[in-house]
Amino acid sequence: MDGKGIRMERIMDRKTGRAVIIPMDHGISNGPMAGLYDMRETVDNVTNGGATAVIMHKGLIRYSYRGSGKDVGLIMHLSASTDVGANANHKVDITTVEEAIKYGADAVSIHINFGDEYEPEMLRSAGEVSRICNEWGMPLIVMAYPRGHDINSYDPQKVAHCARAAAELGADIVKVSYTGDIDSFRDVVRGALAPVVIAGGPKMNTDMDVLNMVHDSIEAGGRGVSIGRNVFQNKNVEGITRAISKIVLEDYSVEEAAKFLKQ
């Protein structure tokens, strides 16, 4: 097993090859938000709930390392933009694979907004990050979204295209939005080739909406989730993480998993 394989086992479940990833990289884009103030508590809660990894920017690691509790994989996010700026969809590299290694990360992630006017620059950057990841044996997660003028971000064909493009750039895991139904998402998974996990998107109306989406994505062949706000802003962070983890890692039904919301 090479370095990538060893590190992949730190961010995914060994038995199933699936992942429950909780991204916490929202602060640069959106500023402070509920659920991301006491980072150690939030990381503890999602870890106790069964998360296999968390995603964060380098500056948050010092505020999130706990020194106790269960282990959880660390994915350091390499790209960013802010909602303050005029080009929020233009993600640029703010650190390197080598710095992620120095921080002890088990993997790195980048964000590409396909269809944006700065897409060529993001593609060029992604190709270079992928090359360096291969040199160091570092797994690469690519967050791949169709975003730009007059683009439907949930259009199944566009999501499938982005997923395949991310895989062809060298992604070891591809993160995309769920397309809304099992059949269309099955096409996304089949075309991507690389393991696909779903994003959580904006805060959903109910916990059951979240669990149904997670269940259907796994039914379609997805390999897990990378859900942020619908987890860390939940009133029961550990409970929603455990419910999601039961569906992803143990094939629980939505009804069976929902019981953990009350614990």
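Per residue, how much accessible surface does segment 62-177 expose to a 1.4 Å probe? Answer in Å², no decimals. Please list the in-between numbers first.
Values: 5590 Å² over 116 residues.
Value for segment 62-177: 48 Å² per residue.
Here the accessible area of segment 144-263 is 45 percent carbon and sulfur, with a 1.4 angstrom probe and all protein chains present.
When the charge dipole of the chain is built from unit charges on Cβ atoms (+1 for Lys and Arg, -1 for Asp and Glu) and taken about the Cα centre, the candidate among 16, 157, 217 whose Cα reaches farthest toward its positive end is 16.
List, in the order given, every pair from 158/246; 91/235; 91/262; 158/262; 175/203; 4/203 whose Cα-Cα distance in the structure shown is over 28 Å. Violating the 28 Å Cα-Cα cut-off are 158/246; 91/235; 91/262; 158/262; 4/203.
Taken along its principal axes, the alpha carbon cloud of segment 60-145 reaches lengths of 44, 32, 19 Å, longest axis first. A Förster radius of 30 Å combined with the Cβ-Cβ distance from residue 259 to residue 154 puts the calculated FRET efficiency at roughly 0.50. Net charge in the neighbourhood of residue 211 (other residues with Cβ under 12 Å of its Cβ; Lys, Arg +1, Asp, Glu -1) is -2.
Its Cα centre serving as origin, segment 39-92 has a Cβ charge dipole (Lys and Arg +1, Asp and Glu -1) of approximately 160 debye. When the Gaussian network model of the chain links Cα atoms closer than 10 Å, the mean-square fluctuations of 205, 89, 152 top out at 205. Of all the options 174, 84, 54, the one that moves most in a Gaussian network model of the chain with Cα springs shorter than 10 angstrom is 84. To the nearest 20 debye, what charge dipole does segment 115-263 have about its Cα centre, counting +1 at the Cβ of each Lys and Arg and -1 at the Cβ of each Asp and Glu? It comes to approximately 400 debye. Accessible surface for segment 196-263, divided over its residues, is 42 Å² per residue with a 1.4 Å probe. Once the Cβ-Cβ distance between residue 48 and residue 94 is put in as r, and R0 is 30 Å, what FRET efficiency do you end up with, to the nearest 0.05? It comes to 0.50. Only the Cβ atoms of Lys and Arg (+1) and of Asp and Glu (-1) were treated as charged; on that basis the dipole of the chain about its Cα centre amounts to roughly 620 debye. Counted by Cβ distance under 12 Å from residue 249, the other residues give a net charge of +3, where Lys and Arg count +1 and Asp and Glu count -1.
With K and R counted +1 and D and E -1, the other residues having a Cβ less than 13 Å from that of residue 187 yield a net charge of +1. Result for the chain in a Gaussian network model with C-alpha springs under 10 Å: among 44, 216, 83, the largest mean-square fluctuation is at 83.
The modelled label-to-label distance between residue 33 and residue 15, using points 7 Å beyond Cα along the C-beta direction, is 3.3 nm. The alpha-carbon atoms of segment 111-218, seen along their principal axes, cover 42, 32, 24 angstrom, with the largest extent given first. Subtracting the Cα-Cα distance of residue 206 and residue 86 from their residue separation scaled by 0.36 nm leaves 39.9 nm. Per-residue 3J(HN,Hα) values for segment 228-241, derived from phi via the Karplus relation 6.51 cos²θ - 1.76 cosθ + 1.60 with θ = phi - 60°, read x, 4, 6, 10, 6, 9, 6, 5, 10, 4, 5, x, 5, 5 Hz in sequence order (x marks Gly and Pro).
The values are calculated or read from the model by the stated rules, or taken from the named source; none is laboratory data. Note that the structure is a prediction, hence the values are computed from the model and not measured. All Cβ positions, glycine included, derive from the backbone under ideal geometry; neighbour counts span all protein chains shown. What goes into the accessible areas is simple: the full protein's heavy atoms, side chains included, and nothing from ligands, DNA or RNA. Shrake-Rupley method; radii C 1.70, N 1.55, O 1.52, S 1.80 Å.
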